[in-house]
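The next block holds one structure in the form of C-alpha cells; read it before the comments.
The values are calculated or read from the model by the stated rules, or taken from the named source; none is laboratory data. As the structure is a computational prediction, the values presented were derived from the model and not from experiment. As a convention, Cβ positions derive from the backbone with ideal geometry for all residues, glycine included, and neighbour counts pool all protein chains shown. Protein only, heavy atoms only, side chains kept; ligands, DNA and RNA dropped before computing areas. Shrake-Rupley method; radii C 1.70, N 1.55, O 1.52, S 1.80 Å.
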Amino acid sequence: MPEGHTLHRLARDLTVAFGGSAVAISSPQGRFADGAAQLDGSVLEDAEAWGKQLFVRFGGDRFVHVHLGLIGTFAVHRDVDAVPDPVGAVRLRIARPAGPTGPAAYADLRGAITCALVTAAERDAVVARSGPDPLRPDADPGRAWDRIRRSRKPIGALLMDQRVLAGVGNVYRAELLFRHRLHPLRPGSTLRVSQWQTMWDDLVELMADGVLTGRIDTVRPEHTPEAMGREARRDDHGGEVYVYRRTGQPCHVCGRTVRTAELEGRNLFWCSRCQPVFRSRAVG
Ligand SMILES: [Zn+2]
C-alpha cells in the first residue's frame, strides 16, 4: 500500500502535468463513466493529498476523490508525443493532447478502491475525518496527541489509524517506532507529550525526504551500507530501513534478530533489545 509521501508526489506530478489546462476525462473501463462525462473538457486546477486521500480539483469546485487502496496505481506520463490508446482496466484517464502549450500528457488510474466525483463539502467531510498529515504545513500534531494519550490501544495500531494520523503506513510505522525505541504494543496512553512531539518532528522530516526521493530511507548516517560496510538492502520497497521486512536479520544497532508479529492484519517488525516491552511503574 502506498504511504503518504507517494500520494504527495502524485499530487505534485498531476499538478505539474495538467494544472491550469482543459483536459479530456474518460473512463475506458466504464466504472467512472458518469463522473468522466461531467468533467470532460473542464480545467484541472490542481491536485492535493491529505494522508492517503488524493483530491484532483476541477473548475467549479468539483473534485475527483481517489484512494488507491492496496493495489491501485495512478501513472502520470508527461512530455509524450501523443496519447496512446488505453491498455487494460483504466478506471480514469486524464489526457491533454499536444498543443501550443507543450507536448501531450496523460494519467491512468487503475485498481483504486475509491474514484468518485465529489463536491467541496464532501471533500471537506473526508478531510475532517482524517488525522493530521505530517506532510501538510497546516497539520496540527496536537489533534493526533489527543487521540493517542486517551487510548489504551497499542501505539503500533494508533500510528496506522488514519483518523489519528494521516499518511503513515506500515514502513513509516515500523521505522518510527524503532527510531524512538518504542515497543509496538506499548499503550498510547503511556506515552509522554514530549515523546510524541519528538516522534512527530521526526516523521515530518522522514516523510518530506520520502517526497523528495520517492523512497523511504530511515537509517541514520552511521547505519548506512557505506558507513557499516554492508550490502545495500534489496527490496522492492527500496530504501534503507532498520526493521521493516528485515525479519530474522540482525538489527543494525545491536545485532539481535529482528522480530515480526501480526497486529490488526498487518505485520509489525521490531528489535526486542532496542524496543523493550513497556512495563508500567504502576504495575511494577
Ligand atoms: Zn536492536
Count of the range 111-126 residues which are crowded, with 20+ Cβ neighbours inside 10 Å and free of Cβ contacts under 8 Å to residues at least 60 places away in the same chain: 1
Residue in the range 189-211 that is part of a loop (DSSP other than H, G, I, E, B) and either modelled with pLDDT of 95 or more or within 15 Å of the ligand (Cβ to nearest atom) (or both) present: yes
Residue check, A208 within 26 Å of M1 (Cα to Cα), in contact with a strand residue (DSSP E or B) (Cβ under 7 Å, 6 or more places away or on another chain) and small (G, A, S): no
Criterion violated by D146 - all others in (1) closer than 25 Å to H5 by Cα; (2) touching a residue at least 40 places away in the same chain (Cβ under 8 Å); (3) not assigned by TED's automatic domain parsing to the domain that holds V23 satisfied: (2)
The range 1-50, subset of a type in the set (V, I, T) and open to solvent by 20 Å² or more (accessible area, probe 1.4 Å), residue farthest from the chain's Cα centre (by Cα): V43
Within the range 261-273, tally of residues that are within 10 Å of the ligand (Cβ to nearest atom) and in a strand (DSSP E or B): 1
L263 being within 23 Å of R149 (Cβ to Cβ), in contact with a strand residue (DSSP E or B) (Cβ under 7 Å, 6 or more places away or on another chain) and open to solvent by less than 60 Å² (accessible area, probe 1.4 Å): yes
Residue tally, condition among the β-branched types (V, I, T) and either away from the ligand (no atom under 16 Å from the Cβ) or modelled with pLDDT under 95 (or both), over the range 212-260: 3
Identity of the residue in the range 141-164, in a helix (DSSP H, G or I) and among the aliphatic types (A, V, I, L, M), that ends up farthest from the ligand (Cβ to nearest atom): A144
Residue in the range 127-150 that is open to solvent by 50 Å² or more (accessible area, probe 1.4 Å), modelled with pLDDT of 95 or more and aliphatic (A, V, I, L, M) present: yes
Among (1) part of a helix (DSSP H, G or I); (2) within 21 Å of R9 (Cβ to Cβ); (3) open to solvent by less than 30 Å² (accessible area, probe 1.4 Å), the one test that G167 misses: (1)
Failed item, numbered, when A125 is tested on (1) in a loop (DSSP other than H, G, I, E, B); (2) of a type outside the set (D, E); (3) not assigned by TED's automatic domain parsing to the domain that holds R246: (1)
